[in-house]
1. Could you please find all residues in the range 77-113 being buried (at least 21 other Cβ atoms within 10 Å of the Cβ), at pLDDT below 95 and either within 13 Å of ligand 2 (Cβ to nearest atom) or β-branched (Val, Ile, Thr) (or both)?
2. Could you identify the single residue in Arg269, Arg246, Arg262 that is buried (at least 16 other Cβ atoms within 10 Å of the Cβ), charged (D, E, K, R) and not assigned by TED's automatic domain parsing to the domain that holds Thr64?
3. Residues Arg58, Arg28, Arg24: which one is modelled with pLDDT of 95 or more, within 10 Å of ligand 2 (Cβ to nearest atom) and basic (Lys, Arg)?
4. Scan the range 45-64 for residues that are in a helix (DSSP H, G or I) and either over 16 Å from Phe98 (Cβ atoms) or under 12 Å from the mean Cα position of the chain (by Cα) (or both) and jot them down.
5. Report every pair of residues separated by at least 6 positions or lying on different chains whose Cβ atoms are under 9 Å apart, first residue within the range 1-27 and over 26 Å from Trp174 (Cα atoms), second among the small types (Gly, Ala, Ser) and at pLDDT below 90.
6. Looking at Asp206, Asp161, Asp168, can you tell me which residue is within 16 Å of ligand 1 (Cβ to nearest atom) and part of a helix (DSSP H, G or I)?
7. Of everything in the range 130-154, what is modelled with pLDDT of 95 or more, touching a strand residue (DSSP E or B) at 6+ places or on another chain (Cβ under 8 Å) and hydrophobic (A, V, I, L, M, F, W, C)? Give them in sequence order.
8. Looking at this structure, is Phe240 at pLDDT 95 or above and either outside any helix (DSSP H, G or I) or within 16 Å of Ser63 (Cα to Cα) (or both)?
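The values are calculated or read from the model by the stated rules, or taken from the named source; none is laboratory data. All figures in this text were calculated on a predicted structure; none of them were measured in a lab. Every residue, glycine among them, receives a Cβ derived from its backbone with ideal geometry; neighbour counts consider all protein chains shown.
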Amino acid sequence: MQADGPADVAKSVIVPEYLTGQSRMHFRCYPGIGCFTRCCSGIKILLSPYDIYVLKKRLGLTSTEFLSAYTYQSFIEKSMLPIPVLKMKDDENKSCPFVSPEGCSVYADRPLTCRYYPIGMGIMKQYDKKTGTNFFIKVKEDHCLGHNEDKEWTIDEWRADQGSDVYDEVNNDWLEIVLKAKTLGNVEFSGKSLELFYMVSSNLDDFRRFVFESNFLKGYKIDPGVVQKIQEDEIELLKFSLSWLRFTLFGEGDFIVDEDARKQAQEKRVAESEKRREEKSEAS
Ligand code: SF4
Ligand code: SF4
């Protein structure tokens, strides 16, 4: 398997044709096919925010525990954006930690890359600052026999069958950030922005603390109904986090900064710092 989410796909296996959701392809993958699980080793699987959320829930881990046990940090091609990558096992084939003789042990919760295969979505959208055009690519590797099967799909039918469309919907704002950063190429993010990008896109538990255990909510005019929703529903919190990330990095989206509240907080910080300075100077 080579088709990473928003990552590189080895050029030699890409069919040189841009596809749309209506393009057709022959493909079928099933237990018993001669190449079964051959695509589940020696691969680089970049994990999207929803992948991490779903897998850590499946494994009963916190975000931090999952990241530490199952991932290492890499970068998204053509950008400086950091991203967790699934750590392969240290065996001869560098197998996926979830592959077994019976197939994928986390099949219902497998990452987006595995769902999309053999379709690549690395350059899914051309970005011209106002509109985007979706397109897909097909990956054809010699070992994958699924291409020889009779079953025919449109790309959209394949995505829906594999549940990829649900992942794309939850990841939507994150994908926009990644694709924009890749398309613009030389966007320079500050170190703080990159840290924020990694935290928000990989660690929902940290983001929850960031929102509810700091002054975060005072800095924006957010509908109380939305606050209640993100408190009660983790998927809503995840979507909110990615939407906020897009707003923070590119100013896109409908967040409204509460300038008065920010000014008051800033004045309070200055006053507190002044008080500490005076106390220190009195004590010395
Ligand atoms: S997560 Fe599952 S489908 Fe994906 S590479 Fe690992 S075993 Fe294969
Ligand atoms: S058909 Fe392709 S995707 Fe399916 S198991 Fe074989 S190599 Fe993997």
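1. Thr113 - this is the single residue of the range 77-113 that is buried (at least 21 other Cβ atoms within 10 Å of the Cβ), at pLDDT below 95 and either within 13 Å of ligand 2 (Cβ to nearest atom) or β-branched (Val, Ile, Thr) (or both).
2. From the options Arg269, Arg246, Arg262, the qualifying one is Arg246.
3. Arg28
4. Across the range 45-64, the qualifying residues are Pro49, Tyr50, Asp51, Ile52, Tyr53, Val54, Ser63, Thr64.
5. Val13/Ala3
6. Working: Asp206 fails: within 16 Å of ligand 1 (Cβ to nearest atom); Asp168 fails: within 16 Å of ligand 1 (Cβ to nearest atom).
The conditions single out Asp161.
7. Of everything in the range 130-154, just one residue is modelled with pLDDT of 95 or more, touching a strand residue (DSSP E or B) at 6+ places or on another chain (Cβ under 8 Å) and hydrophobic (A, V, I, L, M, F, W, C), namely Trp153.
8. Numbers: at pLDDT 95 or above: yes; either outside any helix (DSSP H, G or I) or within 16 Å of Ser63 (Cα to Cα) (or both): no.
No, not satisfied.
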